[in-house]
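Peer 1: Structure in C-alpha cells, see below.
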Amino acid sequence: MGDLSTTNTFVSGTTAVASEVNTNFSDIVNYVNARNAGSSKWDALKTSGNASVDGTLTITGAASFASTLSVGSTDVVAAVASLTDGWVAAGETWTYASATTFTISGDKTGKYSKGDKIKFAQSGQKYFYIIGVSYSAPDTTVTVCGGDTYSVANAAITSPYYSKSTSPSGFPGYFYFTFTSVGGFSSVIYSEGYFSLDGTALTVGYNFLGTSNSTSLTGVMPFSVRSAVLSLSSNISAGQTQNNTVFESGGYATMASNVMTCRRYNTNLWTASGTKQCTGFSLGLI
C-alpha cells in the first residue's frame, strides 16, 4: 500500500482559514503512513518486546508470560525459582583466577558475603562456599572452598548461581578435605577433615592417626578462622584419643588462622612415640 496524502482547502471567499483545517484527518493519514513504514510506536512495541510503564500497571484476570520477565536487572523467573530451590542466577560473568578464586567485573562486595553458597558448570556441576570477598578496581575477587571435591578450573565458568539459603537444592551437607600439612608424626596413617558453614559459623571435624615423634599435633586447613568460639572434647563428639597407643578419656582442638592444634585432655602434651590419634570436631567463625 502506497503512502496516503490529502490536500484540504477550506476557504472563506478566496482565503484559506487555518482553524477550519481538519487536523484529525491529517493524524489518521500520518498514522497509516507510519504503520506502512513500520515506524509506528505500536510497531516498535511489538517488535522490540519491551514495554515501559510510567505509572501503575494493573493486570486483572490471568496473565501469561511466554519468556523471561525482567524488572530492572532482576530476573523475575530466577527470583521465583529461588523461592523453591534456593538458588539465584548471578546474572554476570565469572572469570577464572586460580584454583580457589574467580573475578567479577565491578564492586560486588555488597552482593556476596562469606558463607554464601555458589554453584556453576565446568565439565559438570561444581559447588563451593565463599570464604572471602575483596574489591580492587576494576574487579571483585571471590575466594571459594569446595574441599577436596571441587576446585575452579582454568576454563569458562557457565551458569553461575549463588544462594544465601541454609540448604539450597543439591548443595552438599559438608566437604571433605585433607590437611595440607601435619606436624607431630614420623609417619601419618591419615589426616582428614570435613567442614560446613552456616553463614560464618564454621564446624570442622578432624581425625589424625599416626606414629608420634613430637609432643605436639598440628594440621593446616584450606581456610582461615577468625576465632574459635567453642571446642569440644573428642569423646563428647563420639571420637577418641590415643597417646603412646593408650586410649584416653578425650582431647580437644583449637583453631587459629588456618592451623588446628590438637591436645590431650589433661596434660596437653603428647608422648613423642607410639601411636597418636585425636578425633572430634571444633566450632569457630570464618
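So that you can scan it fast, the table gives a plain yes or no per residue for (1) in contact (Cβ under 8 Å) with a residue 60 or more places away in the chain; (2) outside the structural domain of Lys117 (by TED's automatic domain parsing); (3) at positive phi; (4) in contact with a Gly (Cβ under 7 Å, 6 or more places away or on another chain):
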residue	(1), (2), (3), (4)
Asn244	no, yes, yes, yes
Phe247	no, yes, no, no
Met255	no, yes, no, yes
Val259	no, yes, no, no
Tyr265	no, yes, no, yes
Asn268	no, yes, yes, no
Lys276	yes, yes, no, yes
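Peer 1: Moving on. Report, by residue number, each residue of region 247-260 that is closer than 17 Å to Val182 by Cα and either in contact with a helix residue (DSSP H, G or I) (Cβ under 7 Å, 6 or more places away or on another chain) or surrounded by fewer than 17 Cβ atoms within 10 Å (Cβ to Cβ) (or both).
Peer 2: Once the filter is applied, which keeps residues that are closer than 17 Å to Val182 by Cα and either in contact with a helix residue (DSSP H, G or I) (Cβ under 7 Å, 6 or more places away or on another chain) or surrounded by fewer than 17 Cβ atoms within 10 Å (Cβ to Cβ) (or both), region 247-260 yields Thr254, Ala256, Ser257, Asn258, Val259.
Peer 1: Then there is this: Quick one: is Ser169 among the polar types (S, T, N, Q), touching a Gly at 6+ places or on another chain (Cβ under 9 Å) and over 29 Å from Leu217 (Cα atoms)?
Peer 2: yes
Peer 1: Same structure, new question: Considering only region 248-260, state which residues are modelled with pLDDT under 90, assigned to a strand (DSSP E or B) and farther than 18 Å from Phe185 by Cβ. Can you show your working first?
Peer 2: Step one: list which residues in region 248-260 are modelled with pLDDT under 90, which gives 248-256.
With assigned to a strand (DSSP E or B) added as a condition, the list becomes 248, 251-256.
Tyr252, Thr254, Met255, Ala256, listed by residue number.
Peer 1: Another question about this same structure. Are any of the residues in region 261-280 under 30 Å from Val133 (Cβ atoms) and at pLDDT below 95?
Peer 2: Yes - at least one qualifying residue is present in region 261-280.
Peer 1: Please enumerate the residues belonging to region 242-277 that are hydrophobic (A, V, I, L, M, F, W, C) and over 17 Å from Thr218 (Cβ atoms). Give the steps one after another, and end with the answer.
Peer 2: So in region 242-277, the residues hydrophobic (A, V, I, L, M, F, W, C) come out as 246-247, 253, 255-256, 259-260, 262, 269-270, 272.
Answer for region 242-277, where residues must be hydrophobic (A, V, I, L, M, F, W, C) and over 17 Å from Thr218 (Cβ atoms): Val246, Phe247.
The values are calculated or read from the model by the stated rules, or taken from the named source; none is laboratory data. Everything quoted here is computed from the prediction, not taken from an experiment. Glycine also receives a Cβ, built like all others from the backbone with ideal geometry; neighbour counts cover every protein chain displayed.
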